[in-house]
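Take a look at the structure below.
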Amino acid sequence: MAAIPEPAQRVIITGASSGIGAALARRYARQGAVLGLIARRATALQQLAAELPGQCEIYPADVREARAVAAAARDFLERHGCPDIVIANAGVSIGTATEFSEDIATFVEVVDINVLGMVRTFQPFVRCMRERGRGTLVGIASVAGYRGMPGAGAYATSKAAVISYLESLRVELRGSGVAVVTVCPGYVATPMTEQNPFPMPFLMGADEAARKIVSIIARGKTIAVIPWQMALVARLLHVMPNWLYDWLFSRAPRKPRRTG
């Protein structure tokens with residue numbers, strides 16, 4: 001008697017139009033997954049979908065807009081059922097300085113996208129995953145969430161919040177069969193980092209980062225820093241005394257603020 005084939009994985013990815021999100025979409029598509037791709041740029045999503053094998057639903061939506069994200073989730077659920085993996089990858093990084101009043105709006109934008117956008121992404125799928133007794137929610141955090149960096153107040157704050165939020169969610173869902181995975185990449189070569197005016201140690205390509213993230217999810221890890229060299233750096237930063245950290249990083253180059 002012929003073996004019954006395993007059903008295709010169903011995977012939702014936000015921030016899917018470029019960078020890590022697009023690389024994850026390509027990797028999961030090659031594995032035969034049914035994809036639901038969410039991003040703000042409709043044209044880029046359409047171009048990506050055109051090159052992917054297999055089934056792919058695209059949803060031009062901003063994770064700051066709860067109704068748009070909920071509508072995308074509802075459509076995917078109606079077409080394909082509850083996803084197996086939801087990856088909240090959408091994020092932005094913009095330099096900030098608290099002394100400038102105009103940067104308050106930047107803080108709001110970064111936190112809204114990076115933190116609340118993740119909540120909006122997960123919310124429509126938690127109940128169906130819990131009722132089914134399985135599923136994986138993946139949040140893309142950052143090594144920047146371990147210590148505050150000069151000029152990156154908004155970004156570091158948002159990623160620290162993401163790490164804590166994902167830990168809270170993981171504990172809330174313990175015993176439900178729903179896994180929560182926190183991934184903290186170091187520097188990844190994407191449009192978000194290409195304007196950084198400083199050296200980026202252990203820089204990874206987006207494809208390499210996606211390969212590692214897919215492996216982390218498949219292995220069922222709860223939290224991981226990539227690459228391994230940056231994991232060592234993260235541990236060192238975490239235990240470094242404030243006086244030494246302040247002395248080392250107070251003169252570090254800063255990500256440019258948004259002007260104009």
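Which one of Ala97, Ala44 is of a type outside the set (Val, Ile, Thr) and either out of contact with any Gly (no Cβ under 9 Å at 6 or more places or on another chain) or crowded, with 17+ Cβ neighbours inside 10 Å (or both)? Steps first, answer last, please.
Working: Ala97 fails: either out of contact with any Gly (no Cβ under 9 Å at 6 or more places or on another chain) or crowded, with 17+ Cβ neighbours inside 10 Å (or both).
Only one candidate passes the filter, namely Ala44.
Somewhere in the range 192-204, is a residue modelled with pLDDT under 95, in a strand (DSSP E or B) and not basic (Lys, Arg)? So that I can check it myself, show each step before the final result.
The first filter runs over the range 192-204 and keeps only residues modelled with pLDDT under 95, leaving 192-204.
Checking which are in a strand (DSSP E or B) leaves us with 204.
Next, only the ones that are not basic (Lys, Arg) stay: 204.
Yes: one or more hits.
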Candidate set: the range 153-162, residues that are crowded, with 19+ Cβ neighbours inside 10 Å and either hydrophobic (A, V, I, L, M, F, W, C) or over 30 Å from Asp246 (Cβ atoms) (or both); chosen: the one nearest to the chain's Cα centre (by Cα): Val162
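Does Arg26 count as of a type in the set (D, E, K, R), closer than 20 Å to Ile216 by Cβ and out of contact with any His (no Cβ under 7 Å at 6 or more places or on another chain)?
Values: of a type in the set (D, E, K, R): yes; closer than 20 Å to Ile216 by Cβ: yes; out of contact with any His (no Cβ under 7 Å at 6 or more places or on another chain): yes.
So Arg26 passes the test.
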Residue within the range 131-139 that is under 15 Å from the mean Cα position of the chain (by Cα), closer than 26 Å to Ala206 by Cβ and at pLDDT below 95 present: no
Residue identified as hydrophobic (A, V, I, L, M, F, W, C) and more than 23 Å from Met149 (Cβ to Cβ) among Ile223, Ile216: Ile216
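Yes/no per residue for (1) under 30 Å from Thr259 (Cβ atoms); (2) within 21 Å of the chain's Cα centre (by Cα); (3) aliphatic (A, V, I, L, M):
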site: Arg67; (1), (2), (3): no, yes, no
site: Asp84; (1), (2), (3): no, yes, no
site: Ala90; (1), (2), (3): yes, yes, yes
site: Phe100; (1), (2), (3): yes, no, no
site: Ala105; (1), (2), (3): yes, no, yes
Residue in the range 213-220 that is over 18 Å from Tyr165 (Cβ atoms), among the hydroxyl-bearing types (Ser, Thr, Tyr) and modelled with pLDDT of 90 or more present: yes
Candidates Val119, Val111, Val86, Val115, filtered to the one that is closer than 20 Å to Ala156 by Cβ, modelled with pLDDT of 95 or more and surrounded by 19 or more Cβ atoms within 10 Å (Cβ to Cβ): Val115
Residue among Pro185, Pro199, Pro124, Pro150 that alone is in contact with a helix residue (DSSP H, G or I) (Cβ under 8 Å, 6 or more places away or on another chain) and surrounded by fewer than 17 Cβ atoms within 10 Å (Cβ to Cβ): Pro150
Yes/no for Ala252 being small (Gly, Ala, Ser) and within 21 Å of the chain's Cα centre (by Cα): no
Meets criteria (within 28 Å of Gln31 (Cα to Cα) and in a helix (DSSP H, G or I)) for Ala231: yes
Residue check for Leu173: more than 24 Å from Phe122 (Cβ to Cβ) and either modelled with pLDDT under 95 or more than 18 Å from the chain's Cα centre (by Cα) (or both): no
Complete set of residues in the range 206-243 that are more than 30 Å from Glu172 (Cβ to Cβ), among the small types (Gly, Ala, Ser) and surrounded by fewer than 13 Cβ atoms within 10 Å (Cβ to Cβ): none
Matching residues, the range 47-65, being surrounded by 14 or more Cβ atoms within 10 Å (Cβ to Cβ) and more than 20 Å from the chain's Cα centre (by Cα): Leu52, Gln55
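The values are calculated or read from the model by the stated rules, or taken from the named source; none is laboratory data. The model shown is predicted, which means the values in this text are computed figures rather than measured ones. Counting neighbours? That spans all protein chains shown, and the Cβs are built from the backbone with ideal geometry, glycine included.
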